[in-house]
Amino acid sequence: MTPRKSSDSPSRKSPAIKVPVKEQVSAGGVVYRGEKGRAEVVIVSVGPQNRWQLPKGLVDKLESPDVAAVREAREEGGVASEVVQLIETVEYWYVGLDNGIRVRFHKRVHFYLLRYLSGDTKDHDWEVNESRWVPIEDAASQLAFDNERRVMERARELLG
């Protein structure tokens, strides 16, 4: 008996499983205080890995991204702020669970430049391990994500 070549055998591809796609919109920002050469910004530590990042979170239903950015700065950073301008909208994909179902998320995060008004970084919510002020020139190197480092550098340019 002659063995068959693999090209002679019927195709045994497993059927493709479609993973649902879900759109997700978040907002956050670079909260700053101080003048050009002496500006400080708020960064937050989250998760068991203590990742440093910008305060941000999901935009609630019927909420605009700029309002969500100010709310997230208050919740995660502990500070009240006001919108100066949009810095950038970052877009990326990731896979996660939604109600126990594996989903591909298409995420957009609107980052704003936010002027500090009042408050204390110690007043952050339970989602955050720590919130702190850091000199703007040191902030980018402390952030965990490339896109947030880019946003921080852009904020630094905008502040002069």
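The values are calculated or read from the model by the stated rules, or taken from the named source; none is laboratory data. Predicted model, so just to flag it, every value in this text is computed and none were measured. Every residue, glycine among them, receives a Cβ derived from its backbone with ideal geometry; neighbour counts consider all protein chains shown. All accessible areas refer to the heavy atoms of the entire protein, side chains included, with ligands and DNA or RNA removed. Shrake-Rupley method; radii C 1.70, N 1.55, O 1.52, S 1.80 Å.
The criterion of at least 1 residues that are free of Cβ contacts under 8 Å to residues at least 60 places away in the same chain, closer than 22 Å to VAL21 by Cβ and not aliphatic (A, V, I, L, M) is met by the following strands (runs of 3 or more DSSP E) wholly inside segment 51-160: 56-58, 79-98.
Among the residues in segment 116-123, are any modelled with pLDDT under 95 and open to solvent by 60 Å² or more (accessible area, probe 1.4 Å)? Looking for residues that are modelled with pLDDT under 95 and open to solvent by 60 Å² or more (accessible area, probe 1.4 Å), one finds none in segment 116-123, hence no. TYR94 - would you say it is of a type in the set (Phe, Trp, Tyr) and surrounded by 14 or more Cβ atoms within 10 Å (Cβ to Cβ)? So TYR94 fails the test. Residues in segment 103-113 that are under 13 Å from ALA27 (Cα atoms) and open to solvent by 60 Å² or more (accessible area, probe 1.4 Å): ARG108 alone.
Here GLY77, GLY100 are screened, and the one residue that is of a type in the set (Gly, Ala, Ser), open to solvent by less than 20 Å² (accessible area, probe 1.4 Å) and closer than 25 Å to PRO48 by Cβ is GLY77. Could you tell me whether any residue of segment 129-150 is among the charged types (D, E, K, R), open to solvent by less than 30 Å² (accessible area, probe 1.4 Å), modelled with pLDDT of 95 or more and within 24 Å of GLY37 (Cβ to Cβ)? Among the residues of segment 129-150, at least one is among the charged types (D, E, K, R), open to solvent by less than 30 Å² (accessible area, probe 1.4 Å), modelled with pLDDT of 95 or more and within 24 Å of GLY37 (Cβ to Cβ), which makes the answer yes. Annotation: GLN85 fulfils all but one of (1) touching a Leu at 6+ places or on another chain (Cβ under 9 Å); (2) buried (at least 17 other Cβ atoms within 10 Å of the Cβ); the unmet one is (2). Residues that are within 23 Å of PHE105 (Cα to Cα) and surrounded by fewer than 24 Cβ atoms within 10 Å (Cβ to Cβ) within segment 20-36 comprise PRO20, VAL21, LYS22, GLU23, GLN24, VAL25, SER26, listed in sequence order. For segment 37-50, the candidate set comprises residues that are in a loop (DSSP other than H, G, I, E, B) and of a type in the set (Gly, Ala, Ser); within that set, the residue that is most open to solvent (accessible area, probe 1.4 Å) is GLY47.
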